[in-house]
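A.B. asks: Below is one structure. I have some questions about it.
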Amino acid sequence: EAGVAQSPRYKIIEKRQSVAFWCNPISGHATLYWYQQILGQGPKLLIQFQNNGVVDDSQLPKDRFSAERLKGVDSTLKIQPAKLEDSAVYLCASSLGVIVIPNTGELFFGEGSRLTVL
Amino acid sequence: GESVGLHLPTLSVQEGDNSIINCAYSNSASDYFIWYKQESGKGPQFIIDIRSNMDKRQGQRVTVLLNKTVKHLSLQIAATQPGDSAVYFCAEGLVQNFVFGPGTRLSVLP
């Protein structure tokens with residue numbers, strides 16, 4: 001079974017530029033997550049989708065970050081304009097369902113997209 | 001690839017010994033817990049999970065223990081191997097999403 005696909009793997013931009021990351025979850029997975037992982041820290045949730053609807057975006061800096069999952073399958077995360085503190089690995093994860101339903105909440109992660117803002 | 005967690009707490013064990021990695025979680029209402037392993041340059045990989053109605057679960061060479069009284073989770077790795085070297089995260093799940101701990105780096109010494 002194919003895993004979670006992410007691109008690009010690496011991106012270097014200057015501050016105030018924009019960047020977009022793409023994620024294709026495991027086929028059939030209804031739930032998709034974007035996490036930000038700063039070096040030396042655990043992943044922090046940015047946004048969670050259930051199909052094409054947003055479940056939780058409370059930690060997404062909405063003045064500069066946006067995400068969409070228009071057809072309920074793949075997703076894009078955009079940062080515009082980027083700041084130095086946005087340098088991190090952006091991880092996409094998917095799950096079959098949600099935590100409260102046994103055997104469906106497990107997260108499967110992609111390899112991540114490493115962003116460096118200069 | 002670039003290392004993950006350069007300034008994380010580190011646990012060093014001899015190859016063949018058992019490892020115990022600890023995690024304190026924050027929310028007493030969390031009902032699902034997962035341990036993840038993250039190797040350098042890769043995304044987190046599922047190791048083992050446990051629900052709050054259990055206090056112990058065993059997998060292949062790994063055991064997770066849950067103490068809800070003190071909000072503590074541990075991961076035990078038997079006969080630690082060089083391939084176990086990585087950063088280990090615990091994640092607590094509540095309702096719909098997960099919160100990850102800061103991570104522990106496990107170094108296996110030859």
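The values are calculated or read from the model by the stated rules, or taken from the named source; none is laboratory data. These numbers were taken from a predicted model, which means no experiment stands behind them. Heads up, the Cβs are rebuilt from the backbone with ideal geometry, glycines too, and the neighbour counts pull from every protein chain shown. What goes into the accessible areas is simple: the full protein's heavy atoms, side chains included, and nothing from ligands, DNA or RNA. Shrake-Rupley method; radii C 1.70, N 1.55, O 1.52, S 1.80 Å.
A.B. asks: Could you derive backbone 3J(HN,Hα) for segment A:13-27 from the dihedral phi with the Karplus parameters 6.51, -1.76 and 1.60 (θ = phi - 60°), listing whole Hz in sequence and x where the residue is Gly or Pro?
C.D. replies: Couplings: 9, 8, 4, 6, 7, 10, 8, 9, 10, 10, 9, 10, x, 5, 4 Hz.
A.B. asks: Now a separate question. How shielded is B:41-52 by partner chains, expressed as the average number of their Cβ atoms within 10 Å of its Cβ atoms?
C.D. replies: The mean count of partner-chain Cβ atoms within 10 Å per residue comes to 4.
A.B. asks: Rank-order B:47-55, A:26-34, B:85-93 by packing density, defined as the average count of other C-beta atoms within 10 Å over each peptide's residues, highest first.
C.D. replies: Order by mean packing, descending: B:85-93, A:26-34, B:47-55.
A.B. asks: Gaussian network model of chain A, Cα springs within a sub-10 Å range: biggest mean-square fluctuation belongs to which of A:Ser87, A:Ser95, A:Ser58?
C.D. replies: Of the options given, A:Ser58 has the highest mean-square fluctuation.
A.B. asks: Now for a separate question. Roughly how many Å² is the accessible area per residue of the protein assembly as shown, as a whole number, for a 1.4 Å probe?
C.D. replies: Averaged over the residues of the protein assembly as shown, the accessible area is 48 Å².
A.B. asks: Less than 10 Å Cβ to Cβ from B:Tyr88, Lys/Arg counted +1 and Asp/Glu -1: what total charge do the surrounding residues give?
C.D. replies: +1
A.B. asks: Continuing with this model, one more query. Leaving out same-chain residues fewer than 8 places away, which lysines sit with a Cα under 25 Å from that of A:Lys71?
C.D. replies: A:Lys44, A:Lys62
A.B. asks: Using the Kirkwood radius over C-alpha pairs as Rh, can you work out the diffusion coefficient of the protein assembly as shown via Stokes-Einstein at 10 °C, viscosity 1.306 mPa s, in µm² per second?
C.D. replies: Details: Rh = 18.0 Å.
Estimated diffusion coefficient is 88 µm²/s.
A.B. asks: How well do other chains shield peptide A:34-40, expressed as the mean number of their Cβ atoms within 10 Å of each residue Cβ?
C.D. replies: 4
A.B. asks: Are there trypsin sites (Lys or Arg not before Pro) in segment A:7-88 that DSSP puts in a loop and that have at most 14 other Cβ atoms within 10 Å, and which ones?
C.D. replies: Here the sparse-neighbourhood loop sites are A:Arg9, A:Lys15, A:Arg16, A:Lys62, A:Arg64, A:Lys71, A:Lys83.
A.B. asks: Take B:Lys68, project a point 7 Å from its Cα along the Cβ direction, then tell me which residues of segment B:86-109 have their backbone nitrogen under 17 Å from it.
C.D. replies: B:92-96
A.B. asks: Here's a follow-up. From the phi of every residue in segment A:109-116, what ³J(HN,Hα) in whole Hz does the Karplus formula 6.51 cos²θ - 1.76 cosθ + 1.60 yield, where θ is phi - 60° and glycine or proline is x?
C.D. replies: 9, x, 6, x, 10, 8, 10, 10
A.B. asks: What are the extents of the Cα atoms of chain A along their three principal axes, listed from largest to smallest and rounded to whole Å?
C.D. replies: Here the spans come out as 43, 26, 26 Å, largest first.
A.B. asks: Further question: Please report, in debye to the nearest 20, how large the charge dipole of segment A:5-117 is about its Cα centre when each Lys and Arg carries +1 at its beta carbon and each Asp and Glu carries -1 there.
C.D. replies: On the way: 12 positive and 10 negative charges, 68 e Å.
I would put it at about 320 debye.
A.B. asks: Sort out the exposed loop GluC sites (Glu not before Pro) in chain A (DSSP loop, at most 11 other Cβ within 10 Å) and tell me the longest stretch that has none.
C.D. replies: Details: sites that count: A:Glu1, A:Glu14.
For GluC sites (Glu not before Pro) (loop position, at most 11 other Cβ atoms within 10 Å), the longest site-free span of chain A is A:15-118.
A.B. asks: Continuing with this model, one more query. Leaving out ligands, DNA and RNA, and with a 1.4 Å probe, what % of the accessible surface on chain A is carbon or sulfur?
C.D. replies: 51
A.B. asks: To the nearest hundred square angstrom, how large is the accessible surface buried between A and B, total for both chains, probe 1.4 angstrom?
C.D. replies: 2100
A.B. asks: Taking 7 Å along the Cα-to-C-beta vector as the label spot, tell me the A:Ser27-B:Lys42 distance in nanometres, rounded to one decimal.
C.D. replies: It is 2.4 nm.
A.B. asks: FRET efficiency for B:Asp31 and B:Thr10, Cβ-Cβ distance as r, R0 = 30 Å, nearest 0.05?
C.D. replies: Given R0 = 30 Å and the Cβ-Cβ separation, E is 0.50.
A.B. asks: Can you compute the label reach from A:Thr116? Point 7 Å from Cα along the Cβ direction, backbone N cut-off under 17 Å, restricted to segment B:37-58.
C.D. replies: Output list for this probe position: B:41-42.
A.B. asks: Here's a follow-up. Give, rounded to the nearest 20 debye, the magnitude of the charge dipole that the protein assembly as shown has about its Cα centre when Lys and Arg contribute +1 at Cβ and Asp and Glu contribute -1 at Cβ.
C.D. replies: 320
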